[in-house]
Amino acid sequence: MQSLQFALPTVLVDIPRNPVYAIGMPLVLGSLSGYPTSSVVKGPWYKALKKPALNPPRATFGIVWPVLYASMGYASHLAVKAYDANLSPTSRVDAYSGLKLYYIQLGMNLAWTPIFFGLKKKGLALVDIVSLVGTVFWMTAMLHGPTGGRSTYLLAPYCLWLSFATYLNTSFWWNNRTKTELKKD
C-alpha cells in the first residue's frame, strides 16, 4: 500500500511502545472528549431531536467506547511493535503508515463529539464520521499484514461500531434536517 508522506513526532511513536500508555491515551482522551455529552443529552436540544429507529440506550455508549478505545490503543501498540521488528521494508512502511492513520483517526474520533453535541452540527459531524470510517477501514487494512492480522481482530469491532454510529448520525441529520435548532441547553 502507498505510504503517507509525513513523519510522526518521535513522542507519537514512543507512546504506543508501552502497552499501558497505548491503551491509556485513547481512554483518557476519549473520556475527556465525551465528558460534556451527559449534560447535553439531558438538555432540551437533544430531547427535541427525532431519534433514529435503532437508537440504543444511553448506557450502551459508556460500555462500548471504553472497550473500543482500549482495543484501538492496543492495536497501535501492535503497529509500533511490528514497525520495530525486523520486517521487510514494505511491512515496516505499512506499520508506520498504519500508525499515522491511527493518530489521524483518533483526532477525527475525538472531534466528533464536540462537533455533534457541542456545536450541534449534525451535518458537519456526519462529514467527520464518514471520513473517520474510511480512515479506520484503511488503517485496519494497512496494519493487517505487519501485525499478522492481530490488529484486525482488535479493530474489526471498531469498524462495525463506527458503521452503526454513521447510521445513527445520518438518521439524526436526516430526521431533523428541517427542524429549527435550539442552540442553548
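Among the conditions (1) within 30 Å of Y96 (Cα to Cα); (2) in contact (Cβ under 8 Å) with a residue 40 or more places away in the chain; (3) open to solvent by 30 Å² or more (accessible area, probe 1.4 Å), the only one that N55 does not satisfy is (1). For the range 6-30, taking the residues that are without any contact (Cβ under 8 Å) to a residue 40 or more places away in the chain and exposed (fewer than 11 other Cβ atoms within 10 Å of the Cβ), the one that is farthest from F172 (Cα to Cα) is identified as T10. Residue pairs whose Cβ atoms lie under 9 Å apart, separated by 6 or more positions or on different chains, with the first residue in the range 150-178 and under 17 Å from M108 (Cα atoms) and the second in a helix (DSSP H, G or I) and among the acidic types (D, E), are N169/D128. Can you name the number of the only condition in (1) surrounded by 18 or more Cβ atoms within 10 Å (Cβ to Cβ); (2) touching a Ser or Thr at 6+ places or on another chain (Cβ under 9 Å); (3) not charged (D, E, K, R) that I115 fails? The number of the failed condition is (2).
Please work out which residue is least open to solvent (accessible area, probe 1.4 Å), limiting yourself to the range 36-47 and to residues that are of a type in the set (G, A, S) and assigned to a helix (DSSP H, G or I).
Restricting attention to the range 36-47, the residues satisfying the condition of being of a type in the set (G, A, S) are 38-39, 43.
Next cut, assigned to a helix (DSSP H, G or I) only: 38-39.
Numbers: S38: 61, S39: 76 Å².
The selected residue is S38.
Listed residues N169, N175; which is open to solvent by less than 40 Å² (accessible area, probe 1.4 Å) and either of a type in the set (D, E, K, R) or at pLDDT 95 or above (or both)? After ruling out the rest, the residue left standing is N169.
Confirm whether L132 is among the hydrophobic types (A, V, I, L, M, F, W, C) and either over 22 Å from Y35 (Cα atoms) or without any contact (Cβ under 8 Å) to a residue 24 or more places away in the chain (or both). So L132 does not fit the description; no.
The selection criterion, being open to solvent by 50 Å² or more (accessible area, probe 1.4 Å), of a type outside the set (D, E, K, R), within 20 Å of Y158 (Cα to Cα) and out of contact with any strand residue (DSSP E or B) (no Cβ under 7 Å at 6 or more places or on another chain), does not hold for Y102.
Test of understanding: among K81, K50, which residue is of a type outside the set (D, E), open to solvent by 40 Å² or more (accessible area, probe 1.4 Å), at pLDDT 95 or above and under 30 Å from T178 (Cα atoms)?
Values: K81 fails: under 30 Å from T178 (Cα atoms).
After applying the criteria, what remains is K50.
Determine whether A111 is of a type in the set (G, A, S) and modelled with pLDDT under 95. Lay out the reasoning, then the answer.
Numbers: of a type in the set (G, A, S): yes; modelled with pLDDT under 95: no.
Answer is no for this residue.
Looking at S3, S33, just one residue is outside any helix (DSSP H, G or I), at pLDDT below 90, open to solvent by less than 60 Å² (accessible area, probe 1.4 Å) and out of contact with any strand residue (DSSP E or B) (no Cβ under 9 Å at 6 or more places or on another chain), and that residue is S3.
The values are calculated or read from the model by the stated rules, or taken from the named source; none is laboratory data. Values in this document were obtained by computation on a predicted structure and should not be read as measured data. For neighbour counting, all protein chains shown are included, and Cβ atoms are generated from backbone atoms with ideal geometry for every residue, glycine included. Side chains are part of the model used for accessible areas, which takes the heavy atoms of the whole protein and leaves out ligands, DNA and RNA. Shrake-Rupley method; radii C 1.70, N 1.55, O 1.52, S 1.80 Å.
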